[in-house]
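Have a look at the structure below, then the notes.
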Amino acid sequence: MSRKSATMSGEELGDKLLKSVKEMKAGKVARVTQVAANEVAAARLKTGLSQSLFAQALQISPRTLQEWEQGRREPSGAAKALIQIAFRHPEVIREGLKN
């Protein structure tokens with residue numbers, strides 16, 4: 001296919017975008033992507049805390065928490081233990097912020 005034949009006019013593009021918006025509003029989606037939360041994010045979500053507050057409770061930087069949640073870094077052994085406690089007993093982590 002040549003480059004010229006692959007280009008659309010402004011009107012054609014507008015029509016295509018309008019059709020897509022109508023399909024989305026009607027609930028006709030082409031694909032649905034679901035991302036499973038890793039164990040760190042899952043533990044934080046169980047506590048109901050923001051990244052900032054969860055990081056504060058674990059005494060780590062918010063950036064470190066982001067790295068863990070995005071899978072770019074792994075928590076150490078001690079941090080993993082805290083994450084497991086947070087998952088099993090989220091109230092303990094919330095209480096730790098009050099002290």
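The values are calculated or read from the model by the stated rules, or taken from the named source; none is laboratory data. As the structure is a prediction and not an experimental result, all values here were calculated from the model. Every residue, glycine as well, gets a Cβ built from its backbone with ideal geometry; the counts of neighbours run over all protein chains shown.
Worth pointing out:
- Scanning segment 3-56 for residues that are surrounded by 10 or more Cβ atoms within 10 Å (Cβ to Cβ), modelled with pLDDT under 85 and closer than 30 Å to residue 86 by Cβ yields a single hit, 37.
- Number of residues in segment 57-67 that are at pLDDT below 95 and either buried (at least 19 other Cβ atoms within 10 Å of the Cβ) or within 12 Å of residue 94 (Cβ to Cβ) (or both) equals 2.
- Given (1) over 15 Å from residue 97 (Cα atoms); (2) in contact with a Lys or Arg (Cβ under 9 Å, 6 or more places away or on another chain), number of the condition residue 50 does not satisfy: (1)
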